[in-house]
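Visitor: Shown below is the structure under consideration.
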Amino acid sequence: MKKFNTIIIGSGAAGLAAAVRLHQLNVLDIAIYTEGLKMGTSINTGSDKQTFYKLGMYGREADAPELMAKDLAAGGAMHGDIALIEAAMSPQTFFHLVNLGVPFPHDRLGQHIGYKTDHDPKRRATSCGPYTSRDMCRALIDEVKKREIAVYEKHLAVKLLTAADGSRVFGAVFLDTVSGKFEAVQAENVVFATGGPGGLYQQSVYPKVHTGAIGLALEAGARSSNLCESQFGLASLKFRWNVSGSYMQVLPRFVSTAQDGSDEREFLREYFDSVEDMYGAIFLKGYQWPFAAGHVPGSSLIDIYTYIETVERNRKVYLDYRRDPADLNIDALDPECATYLANSGALGASPLERLTILNEPAIELYKAHGIDLAREMLEIAVCAQHNNGGLAGNIWWESVNLRHLFPVGEVNGSHGVTRPGGSALNSGQAGAFRAAEYIANVYQQPTVDEKAFAAAAEAALDYLQKSQMLPAECCWKSERMEFQQRMSNAGAFVRSCDKVTEALDGAYRQMARLNQDGLGNLTTLEMAENLRNRQLCLAHIYYLEAVLMQIDHIGSRGGSLVLSNDGEVISEKLGTAWRIKPENPAYRNYIMYSQLNVSGYPEFGFEKCRPIPESDGWFENVWRACREKRIYDDL
């Protein structure tokens, strides 16, 4: 067994930032446990222009933390104090990355330029290209190495260790995927930076190497918030990548075929009265890439039409950048679209020519992954992309009910129904800094009951060792495919009561089967994946139960539609089959929470959102409270 003051589980941008910031604050007894520094979402994902959202810092446009907080919380179901913290921390975390060498652009006067992103009324967004989060990870990894912070790669977290009364965590159990041995690690604090639920969906744009581990925290009893609030959007399948921004703004053809490639047709034409209307909607998808119930009717109908083609009609859908249709007249398009292309100098004779002018790296990105847009069409679908919900944290990103556990990054459910694009990268950095500050000032002294930890560790290791001796009757690949298909069918952006109820029945049956099956005489890989399946299967039960709560109480909002036989028809082109249950707007003032009850099942409820605090402090008083460390007192 090893002992540390703090262990960081996960090595994405948030986990790495927490480790670096802890070390900067002189918390040196720390270690990162990870499956690999080159695994996870942050270092393996991006978009046409991946965004980092921060306070405005350019020119004369006025901005302030409270203004940014209002925009962060505008979608509803978000605590106002959390929004204010994310806004206030954004300059500090942004310039920390700049100082580490992340190449965010600035002009010759040193001003960091910005642009508007979705749900953003100001020019707060910035980017250093398609791989912003990868650049962040690389810079943070270099700093981790310079500081000689301990990193244990090829370690899969399989259990969080908690006190008998469920009040706190004091370590974790890992599977060393090289030796096949289990290892218990004692820690005063656990920074839980395991990312979003990438392994839950069949249609997913999360990188294949990332699955997520929120199920471990749910199993340990940590409270969650807003699990039903996720983002979905059009993404390529052969290489997982969001087709947002310029991929849409250059006006590709939307084509569908039969599964064998025959019967090619431009299927969107059946839904629009004119070519100009069709391409106007495609252009808007660049700005409004995530599916949004608020954009139905509107640009998000494109996602529904693609869903109908791929799911209901069982066809394949592609983007074709090789040529324009004969009847496309750019001069006749909506003025916003035509002006944008003209001002960008992107009036080429094909989508590929326009993309070359507008964003050539977007073409090279696919070419680097074996896809030549000049020679082949790009297969797409509506895919799971981000979870706005997650574990519930307080203003220091500590779990609200499981002390000494600090969920940071996407696994922390700080976002509400909708959010400005790129705010997740800022939130991860802000949460990492807040957790590190609290640990450095409050949780440096040892308080772990050694005997209690030893008992919990021995019980967990005994269970894991014994389960190896039992026969394993399941194949981890087929088991994973089962709950991934279930989630994509019932828990994605199109939801209905009948589908979710049926899915939950199957989910509980699968969970019972996985708990009965042992690990048997398996290879280390098989053992690791079977253990991963257990926590993922538990997680998907929580998510489906949250979706059912949304259907019953909230209706259609954010990244999902709720279908209902007595709902509202959303488009004459879709007919009565697509009736949706409208949103109950009262729930924008509440956060949906869930927690393991005494019976071992998730229990759900709602709590009222806290408002944005008024910033009316007096310098001497704030200074005194900071000096005396009263800012860390429990509220």
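Visitor: Give segment 142-164 a look and list any residue that's basic (Lys, Arg) and out of contact with any helix residue (DSSP H, G or I) (no Cβ under 9 Å at 6 or more places or on another chain), or say none.
Guide: In the first step, residues of segment 142-164 are kept if they are basic (Lys, Arg); the result is 145-147, 154, 159.
Of everything in segment 142-164, those that are basic (Lys, Arg) and out of contact with any helix residue (DSSP H, G or I) (no Cβ under 9 Å at 6 or more places or on another chain) turn out to be 145, 146, 154.
Visitor: Checking the conditions here, which among 37, 55 is in a loop (DSSP other than H, G, I, E, B), more than 30 Å from residue 199 (Cα to Cα) and touching a helix residue (DSSP H, G or I) at 6+ places or on another chain (Cβ under 9 Å)?
Guide: Working: 37 fails: more than 30 Å from residue 199 (Cα to Cα).
55 is the lone residue from the list that is in a loop (DSSP other than H, G, I, E, B), more than 30 Å from residue 199 (Cα to Cα) and touching a helix residue (DSSP H, G or I) at 6+ places or on another chain (Cβ under 9 Å).
Visitor: On to the next question. Scan (1) assigned to a helix (DSSP H, G or I); (2) more than 30 Å from residue 299 (Cα to Cα); (3) not acidic (Asp, Glu) for the single condition residue 221 breaks and write down its number.
Guide: Condition (1) is where residue 221 drops out.
Visitor: Anything in segment 267-280 that is in contact with a Phe, Trp or Tyr (Cβ under 7 Å, 6 or more places away or on another chain) and either surrounded by 22 or more Cβ atoms within 10 Å (Cβ to Cβ) or free of Cβ contacts under 8 Å to residues at least 60 places away in the same chain (or both)? List them, or say none. Walk me through how you get there before you give the answer.
Guide: Narrowing segment 267-280 to residues in contact with a Phe, Trp or Tyr (Cβ under 7 Å, 6 or more places away or on another chain): 267-268, 271, 278.
The answer is 267, 268, 278.
Visitor: Would you confirm, using the coordinates I've provided, whether residue 526 is farther than 30 Å from residue 304 by Cβ, touching a helix residue (DSSP H, G or I) at 6+ places or on another chain (Cβ under 8 Å) and either surrounded by fewer than 17 Cβ atoms within 10 Å (Cβ to Cβ) or without any contact (Cβ under 8 Å) to a residue 40 or more places away in the chain (or both)?
Guide: yes
Visitor: Right, something else. Is there a residue being of a type in the set (A, V, I, L, M), more than 29 Å from the chain's Cα centre (by Cα), at pLDDT 95 or above and open to solvent by 50 Å² or more (accessible area, probe 1.4 Å) anywhere in segment 372-381?
Guide: Yes, segment 372-381 contains at least one residue that is of a type in the set (A, V, I, L, M), more than 29 Å from the chain's Cα centre (by Cα), at pLDDT 95 or above and open to solvent by 50 Å² or more (accessible area, probe 1.4 Å).
Visitor: Go through (1) open to solvent by 80 Å² or more (accessible area, probe 1.4 Å); (2) in contact (Cβ under 8 Å) with a residue 40 or more places away in the chain for residue 544 and report which single condition fails.
Guide: (1)
Visitor: Scan segment 552-577 residue by residue and report those that are over 19 Å from residue 233 (Cβ atoms) and either open to solvent by less than 50 Å² (accessible area, probe 1.4 Å) or modelled with pLDDT of 95 or more (or both).
Guide: Of segment 552-577, the ones over 19 Å from residue 233 (Cβ atoms) are 552-555, 563-569, 571-577.
Listed by number, the residues that qualify are 552, 553, 554, 555, 563, 564, 567, 571, 574, 575.
Residues checked against (1) charged (D, E, K, R); (2) open to solvent by 60 Å² or more (accessible area, probe 1.4 Å); (3) touching a residue at least 12 places away in the same chain (Cβ under 8 Å); (4) more than 30 Å from residue 541 (Cβ to Cβ):
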| position | (1), (2), (3), (4) |
| --- | --- |
| 594 | no, no, yes, no |
| 601 | no, yes, no, no |
| 605 | no, no, yes, no |
| 608 | yes, yes, yes, no |
| 612 | no, no, yes, yes |
| 620 | yes, yes, no, yes |
| 623 | no, yes, no, yes |
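Visitor: Inspect segment 551-570 for any residue being under 24 Å from the mean Cα position of the chain (by Cα), free of Cβ contacts under 8 Å to residues at least 12 places away in the same chain and closer than 28 Å to residue 537 by Cβ and give the result as yes or no.
Guide: There is no residue in segment 551-570 that is under 24 Å from the mean Cα position of the chain (by Cα), free of Cβ contacts under 8 Å to residues at least 12 places away in the same chain and closer than 28 Å to residue 537 by Cβ.
The values are calculated or read from the model by the stated rules, or taken from the named source; none is laboratory data. Keep in mind that this is a model prediction, so the values were computed, not measured. Note that each Cβ is placed from the backbone with ideal geometry, even for glycine, and that neighbours are counted across all protein chains shown. SASA here: full protein model, heavy atoms, side chains in, ligands and nucleic acids out. Shrake-Rupley method; radii C 1.70, N 1.55, O 1.52, S 1.80 Å.
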